[in-house]
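A.B. asks: This is the structure, below, for whatever I ask next.
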Amino acid sequence: MTHARIELTDNQAAPAATAVQQQTARALRLGGRLNLAELDTADLSRFDAIARSPLVLRLESGGIVALFGYGTIVFIGAAAAEEETILQKLADRIEDPIDTAVSVVTKIEIGAGTKVAGDRITVRDISQSTLVAIADALAKNVALTFEEEEVRKLLKALEPFAGNLADSGRLPLNRRRMLRTVGQVFRAHRRLLERVEVEERPELAPDHGETGQLSERLAEAYHLKKRARSVSGKLDVIEVMTGGLTELINAQRENRVELLIVLLIAIEIAIWIYESFIRG
């Protein structure tokens, strides 16, 4: 079977844009990281790459898929069967996969100007640079959505221990549950280490200043910088909390060991006194 290969220059609109005035974009956060090395082994070499950073591939239907190393994929104008096929091919490349993928759907419309309102993005045309800019913004948005929810769960899990410590000045008696919670926090925190860098910009043609403005407008509309700073600050708090709990657990363990040693010494002395004086 011969696969159609569509070459786009940066001044050309995508073929699908001439047929419809609206396209659907779906951004998915699948895991902690997506391994993009040697994608030919995933049978994706048949698709033309229209951009390298991020890696954007033109699909046979005329839609695109953008792949991001921080575990995110964006489909624009792709058929459902194509999405399912690509997700299956990339399944083994998702590191630290999420049980339920985070998905955000956005409508892209062609209009007189650029506008971002809710789940709709209006642009003048769908050129190569426009597609790359939109995919990049949507990927960062869904990645931050995932990170915000993960951070909320971590803080919620740690809150009972912090509250109990503040009220009683002691660690909870259920030490196993506390250790399990701290372990879950560490595992989730590791997943967040491969985070999206919102300051990074996609590679666009140097003469496409208007598309660069679109990137800036999308970043402002989704509050990417503000949300990234908020997540980073909360992660710092989580590190302090987990570090403090770990130190308290270690101190508690050392105290118990010391108490056990003292108890064993006391028993040994008691036996010696009994053998030497009372029994004798």
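The values are calculated or read from the model by the stated rules, or taken from the named source; none is laboratory data. Just so it is clear, the model here is predicted, and its values are computed rather than measured. All Cβ positions, even for glycine, are placed from backbone atoms using ideal geometry, and neighbour counts span all protein chains on display.
A.B. asks: Which condition does residue 103 not pass, out of (1) surrounded by 17 or more Cβ atoms within 10 Å (Cβ to Cβ); (2) farther than 22 Å from residue 21 by Cβ, if it passes all the others?
C.D. replies: (1)
A.B. asks: Which of the following residues is among the aliphatic types (A, V, I, L, M), outside the structural domain of residue 150 (by TED's automatic domain parsing) and out of contact with any Ser or Thr (no Cβ under 9 Å at 6 or more places or on another chain): 65, 116, 105?
C.D. replies: 65
A.B. asks: Exactly one of (1) at pLDDT 70 or above; (2) part of a helix (DSSP H, G or I) is unmet by residue 190. Its number?
C.D. replies: Tallying (1) at pLDDT 70 or above; (2) part of a helix (DSSP H, G or I), residue 190 fails exactly one: (1).
A.B. asks: Looking at 108, 86, 73, which is the one that is under 20 Å from residue 200 (Cβ atoms) and either touching a residue at least 60 places away in the same chain (Cβ under 8 Å) or touching a strand residue (DSSP E or B) at 6+ places or on another chain (Cβ under 8 Å) (or both)?
C.D. replies: 73
A.B. asks: Name the residue, out of 145, 130, 122, that is touching a strand residue (DSSP E or B) at 6+ places or on another chain (Cβ under 8 Å), surrounded by 15 or more Cβ atoms within 10 Å (Cβ to Cβ) and assigned to a strand (DSSP E or B).
C.D. replies: Sole residue among the options that is touching a strand residue (DSSP E or B) at 6+ places or on another chain (Cβ under 8 Å), surrounded by 15 or more Cβ atoms within 10 Å (Cβ to Cβ) and assigned to a strand (DSSP E or B): 122.
A.B. asks: Ok, one more. Here are 170, 195: which of them is modelled with pLDDT under 75, part of a loop (DSSP other than H, G, I, E, B) and more than 16 Å from the chain's Cα centre (by Cα)?
C.D. replies: From the options 170, 195, the qualifying one is 170.
A.B. asks: How many residues, within the stretch 108-137, are over 24 Å from residue 71 (Cβ atoms) and under 22 Å from the mean Cα position of the chain (by Cα)?
C.D. replies: 1
A.B. asks: Restricting to the stretch 44-87, name every residue that is in contact with a Lys or Arg (Cβ under 6 Å, 6 or more places away or on another chain) and acidic (Asp, Glu).
C.D. replies: 48, the sole residue that qualifies.
A.B. asks: Turning to a different aspect of this structure: Would you tally the residues in the stretch 1-34 being at pLDDT 70 or above, surrounded by 16 or more Cβ atoms within 10 Å (Cβ to Cβ) and of a type outside the set (Gly, Ala, Ser)?
C.D. replies: Looking only at that region, the number is 7.
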